[in-house]
Amino acid sequence: MSSYREQIKDKKRIVVKIGSSSLTHSDTGEMDYIRMEKLVRELSDIHNQGKDVILVTSGAIAAGRKALQGSRQGEGSRQREDPGRSGQAEAMAVKQACSAVGQARLMMIYQKLFAEYNQVAAQILMTKNTIVDNLNRYNAHNTFQELLRLGAIPIVNENDTVATYEIEIGDNDTLSAIVAALVEADLLILLSDIDGLYTDDPRKNKEARFIEQVDDLTEELMDMGKGSTGSSVGTGGMNTKLVAARIATRSNVDMVIANSRDTGVLHRILEGENTGTLFVAHADDGFDLPGFVENLHRG
């Protein structure tokens with residue numbers, strides 16, 4: 001096991017995903033600038049080691065929600081209602097409006113932080129059609145390749161402003177694995193509010209056992225994902241992380257789930273330390289990424 005961890009040192013193209021709950025203060029929902037600064041510093045240092053770095057970030061909806069709440073102070077409970085829309089459509093429209101405001105704010109923060117470490121950040125917004133459509137997928141792949149060749153750090157999010165199903169996927173866990181497969185990454189790191197994969201939810205079951213390494217992602221392991229989340233901000237539970245692991249490992253990408261409470265975990269992982277849960281890649285030449293994504297969003 002340790003020898004396989006040692007091989008992580010040689011990974012050259014790294015995708016890192018961080019969720020909403022890791023970017024905001026739990027008590028207020030406001031952005032956690034200290035943690036964001038530490039994350040950017042870690043990513044910048046990894047990039048300075050000569051590695052390609054891609055960040056898949058959540059937080060746009062959370063940031064926009066706080067901003068719009070602030071802009072409506074003094075209006076009381078008055079809300080504009082559209083009698084022609086269902087409650088579900090209304091809720092989706094609110095999320096999309098929050099994303100429109102929050103995505104701009106989120107990128108502004110990242111641009112400023114990365115600039116302090118002499119890094120160039122680039123924004124990429126994706127939808128299901130980016131992957132399912134052959135031409136769009138080809139163009140997206142070329143865009144990533146050129147940005148990385150030019151030394152930029154792509155920052156990826158789902159285009160929640162115009163999409164509907166993407167918001168429901170699960171906090172960008174799936175998207176990060178799709179990106180890792182698309183760019184032929186060597187390693188995907190999911191930063192979450194949990195240490196890794198357990199035999200049960202450790203917040204509810206003290207007897208839950210930690211799993212350090214997964215060599216074969218069996219159906220039994222997939223069933224461990226309850227699809228729940230311990231955060232009121234994020235939407236992705238362990239289920240979405242295991243779906244991400246299935247996409248990544250079948251695309252020949254190793255994946256690690258680790259706790260984001262200390263973003264220094266990134267360099268410890270890349271130094272070969274036994275941190276988080278490692279999912280070992282098993283390339284599947286017959287794996288159809290566009291088909292998997294298409295089926296994943298149905299229903």
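The values are calculated or read from the model by the stated rules, or taken from the named source; none is laboratory data. Only a predicted model underlies this, so the values are computations on that prediction, with no experimental measurement involved. Here Cβ is always computed from backbone atoms with ideal geometry, including for glycine, and neighbour counts include all displayed protein chains. Protein only, heavy atoms only, side chains kept; ligands, DNA and RNA dropped before computing areas. Shrake-Rupley method; radii C 1.70, N 1.55, O 1.52, S 1.80 Å.
Within the stretch 1-19, restricting attention to residues that are modelled with pLDDT of 90 or more and within 18 Å of the chain's Cα centre (by Cα), the residue that is surrounded by the fewest Cβ atoms within 10 Å (Cβ to Cβ) is Arg13.
Does the stretch 245-268 include one or more residues that are modelled with pLDDT under 85, within 16 Å of Gly19 (Cα to Cα) and polar (S, T, N, Q)? Before you say what the answer is, go through the steps one by one.
Let us first name the residues in the stretch 245-268 that are modelled with pLDDT under 85, namely none.
No, the stretch 245-268 contains no residue that is modelled with pLDDT under 85, within 16 Å of Gly19 (Cα to Cα) and polar (S, T, N, Q).
Among the residues of the stretch 129-140, how many are in contact (Cβ under 8 Å) with a residue 12 or more places away in the chain and in contact with a helix residue (DSSP H, G or I) (Cβ under 6 Å, 6 or more places away or on another chain)? Residues in the stretch 129-140 being in contact (Cβ under 8 Å) with a residue 12 or more places away in the chain and in contact with a helix residue (DSSP H, G or I) (Cβ under 6 Å, 6 or more places away or on another chain): 4 in total.
Of the residues in the stretch 125-165, how many are at pLDDT 95 or above, closer than 24 Å to Ile34 by Cα and within 17 Å of the chain's Cα centre (by Cα)? Summing the residues that are at pLDDT 95 or above, closer than 24 Å to Ile34 by Cα and within 17 Å of the chain's Cα centre (by Cα) in the stretch 125-165 gives 4. The C-beta contact set for the stretch 265-286 (first residue closer than 13 Å to Leu187 by Cα, second residue polar (S, T, N, Q) and part of a helix (DSSP H, G or I), distance under 8 angstrom, 6+ apart or interchain) comprises Gly272/Ser2; Gly272/Gln7; Phe279/Thr249; Val280/Thr249; Ala281/Thr249; His282/Thr249. Criterion first (at pLDDT 80 or above, part of a loop (DSSP other than H, G, I, E, B) and either in contact with a strand residue (DSSP E or B) (Cβ under 9 Å, 6 or more places away or on another chain) or not aliphatic (A, V, I, L, M) (or both)) does Ser22 satisfy it? No: the conditions fail for Ser22.
Give the residue, chosen from Ala67, Ala97, Ala91, that is part of a helix (DSSP H, G or I), modelled with pLDDT under 95 and open to solvent by less than 40 Å² (accessible area, probe 1.4 Å).
Of the residues listed, the single one that is part of a helix (DSSP H, G or I), modelled with pLDDT under 95 and open to solvent by less than 40 Å² (accessible area, probe 1.4 Å) is Ala67.
Could you count how many residues in the stretch 263-291 are over 18 Å from the mean Cα position of the chain (by Cα) and of a type in the set (Phe, Trp, Tyr)? Final tally of qualifying residues: 1.
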